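Here is the structure we will look at.
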Amino acid sequence: MSVSPDRKPEVTAAETGSGKLPRHVAFIMDGNGRWATARGLPRTEGHRQGLEALRRTIRHAGKVGIEVVTIYSFSSENWSRPPAEVSFLMGLLRRFVQRDLSELHKENVRIRIIGGRDDLERGIAALLEEAEELTQHNTGLNLVVAFNYGGRSEIVRAAQCLSRRVLAGELTPEDVTEDAISGALDTAGLPDPDLIIRTSGEMRLSNFLLWQAAYSEFYFCEKHWPDFDEAAFDEALSCFGSRQRRYGGLNAKAL
Ligand code: IPE
Ligand code: IPE
Ligand code: MG
């Protein structure tokens, strides 16, 4: 899928205080557990409140006019958490799709899932497919859900897919270019993230969008994810607006 940029924002970049708006914002929604623990609540309550923050974020991204939002909802490493937490998170994903899908569809949101699909429980895989299928012709915000996602395993799957095509004689080794690799990743057709926001003060990628983040801007926010709100989002957008992206070159003034 590639994104259609013919959308009019309800709030302009000037209103958010940012000079230029990122096309694609990716979120590492971190800190649910710490948010809950700090309040003497079970970690699961943090995940529940995190879902509210996600709803706010999607709404706001649509209003501001961002084209693509990617959310890191469950990493390929998160399976190593206690079974009770994993099963709560699976239930939450189910409820999110079941309760929010029709609303998101009405809002013209197009959903795409990235991450490993093999070995997923059939019920979950079917729900994810349903979300993608139902919204595939929508032209509004593109919501990319990284589920069972790991950047390294995504690159491995892409490399295996291209190797098979070379073996089959469809490609030569020289055809394996940066574009060919980008096109074999789960994110094929999407622009790379301009801005990656991670909440909760941790400053690492945790295996998120390793290839795609080559020239992303990073923004780290001290708030735990359940506290992430419109004001925090606007602050990140405004910070992005003041960044100079040089892609290894020099900015105009230095030339
Ligand atoms: C993010 O919050 C949600 C997922 C990883 C699924 P965490 O659960 O990682 O919360 P902390 O980092 O332990 O506080
Ligand atoms: C990254 O957060 C994964 C998601 C937000 C889904 P983690 O909490 O799993 O990352 P680490 O373990 O702190 O690196
Ligand atoms: Mg965490």
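The values are calculated or read from the model by the stated rules, or taken from the named source; none is laboratory data. Worth saying up front: this structure is predicted, and the values here are computed from it rather than measured. We place every Cβ from the backbone using ideal geometry, glycine too, and count neighbours over all the protein chains shown. Calculation scope for accessible area: heavy atoms of the full protein, side chains included, ligands and nucleic acids excluded. Shrake-Rupley method; radii C 1.70, N 1.55, O 1.52, S 1.80 Å.
Taking the condition of being open to solvent by 60 Å² or more (accessible area, probe 1.4 Å) and more than 16 Å from ligand 3 (Cβ to nearest atom), how many residues in the stretch 54-99 meet it?
Looking only at the stretch 54-99, we keep the residues that are open to solvent by 60 Å² or more (accessible area, probe 1.4 Å), and these are 59, 63, 77, 79-84, 87, 94-95, 98-99.
With more than 16 Å from ligand 3 (Cβ to nearest atom) added as a condition, the list becomes 59, 63, 83-84, 87, 94-95, 98-99.
Count: 9.
So in the stretch 58-110, with the set limited to residues that are in a helix (DSSP H, G or I) and among the β-branched types (Val, Ile, Thr), which one is farthest from Glu230 (Cα to Cα)? Give the steps one after another, and end with the answer.
Of the stretch 58-110, the ones in a helix (DSSP H, G or I) are 58-64, 78-80, 83-106.
Going one step further and asking which of them are among the β-branched types (Val, Ile, Thr), we end up with 58, 64, 86, 97.
Numbers: Ile58: 10, Val64: 10, Val86: 28, Val97: 23 Å.
Per the stated criteria, the residue is Val86.
Which of the following residues is within 15 Å of Leu185 (Cβ to Cβ) and either open to solvent by 40 Å² or more (accessible area, probe 1.4 Å) or aromatic (Phe, Trp, Tyr) (or both): Ser153, Ser102?
Details: Ser102 fails: within 15 Å of Leu185 (Cβ to Cβ).
Among Ser153, Ser102, only Ser153 is within 15 Å of Leu185 (Cβ to Cβ) and either open to solvent by 40 Å² or more (accessible area, probe 1.4 Å) or aromatic (Phe, Trp, Tyr) (or both).
Hey, can you tell me all the residues within the stretch 143-175 that are closer than 30 Å to Ser102 by Cβ and without any contact (Cβ under 8 Å) to a residue 60 or more places away in the chain?
Glu154, the sole residue that qualifies.
Could you list, in sequence order, all residues of the stretch 78-110 that are of a type in the set (Asp, Glu), touching a residue at least 12 places away in the same chain (Cβ under 8 Å) and over 25 Å from Arg43 (Cα atoms)?
If the condition is that a residue be of a type in the set (Asp, Glu), touching a residue at least 12 places away in the same chain (Cβ under 8 Å) and over 25 Å from Arg43 (Cα atoms), then Glu107 is the only one that fits.
Looking only at the stretch 37-53, which residues are open to solvent by less than 60 Å² (accessible area, probe 1.4 Å) and under 14 Å from Phe228 (Cα atoms)?
Gly46, His47, Gly50, Leu51, Ala53
Which numbered condition trips up Thr135, out of (1) in contact (Cβ under 8 Å) with a residue 12 or more places away in the chain; (2) surrounded by fewer than 18 Cβ atoms within 10 Å (Cβ to Cβ)?
Failing condition for Thr135: (2).
Test of understanding: among Arg39, Arg59, Arg94, Arg34, which residue is more than 20 Å from the chain's Cα centre (by Cα) and more than 16 Å from ligand 2 (Cβ to nearest atom)?
Values: Arg59 fails: more than 20 Å from the chain's Cα centre (by Cα); Arg94 fails: more than 20 Å from the chain's Cα centre (by Cα); Arg34 fails: more than 16 Å from ligand 2 (Cβ to nearest atom).
The match here is Arg39.
Note down all Cβ pairs under 6 Å where the first residue falls in the stretch 185-213 and is aliphatic (A, V, I, L, M), the second is open to solvent by 20 Å² or more (accessible area, probe 1.4 Å), and they're at least six residues apart or on different chains.
Leu195/Glu217; Ile196/Phe218; Ile197/Tyr219; Met203/Phe220
Of the conditions (1) in a helix (DSSP H, G or I); (2) farther than 26 Å from Asp194 by Cβ, Glu52 satisfies every one except a single condition; which number is it?
(2)
Exactly one of (1) within 16 Å of ligand 3 (Cβ to nearest atom); (2) without any contact (Cβ under 8 Å) to a residue 60 or more places away in the chain; (3) not β-branched (Val, Ile, Thr) is unmet by Gln244. Its number?
(1)
Go through (1) surrounded by 12 or more Cβ atoms within 10 Å (Cβ to Cβ); (2) more than 23 Å from Leu185 (Cβ to Cβ); (3) within 16 Å of ligand 2 (Cβ to nearest atom); (4) at pLDDT 95 or above one by one and return the number of the condition Asn108 breaks.
Asn108 satisfies all of (1) surrounded by 12 or more Cβ atoms within 10 Å (Cβ to Cβ); (2) more than 23 Å from Leu185 (Cβ to Cβ); (3) within 16 Å of ligand 2 (Cβ to nearest atom); (4) at pLDDT 95 or above except (3).
Might you let me know whether the stretch 111-123 holds any residue that is more than 16 Å from ligand 1 (Cβ to nearest atom), under 30 Å from Glu45 (Cα atoms), open to solvent by 20 Å² or more (accessible area, probe 1.4 Å) and among the small types (Gly, Ala, Ser)?
Looking for residues that are more than 16 Å from ligand 1 (Cβ to nearest atom), under 30 Å from Glu45 (Cα atoms), open to solvent by 20 Å² or more (accessible area, probe 1.4 Å) and among the small types (Gly, Ala, Ser), one finds at least one in the stretch 111-123, hence yes.
Hey, could you check the stretch 25-41 for residues that are closer than 23 Å to Ile71 by Cα and part of a loop (DSSP other than H, G, I, E, B) and say which is farthest from ligand 3 (Cβ to nearest atom)?
Per the stated criteria, the residue is Met29.
Looking at the stretch 30-58 only, could you name the residues that are without any contact (Cβ under 8 Å) to a residue 40 or more places away in the chain and among the basic types (Lys, Arg)?
Listed by number, the list holds a single entry, Arg39.
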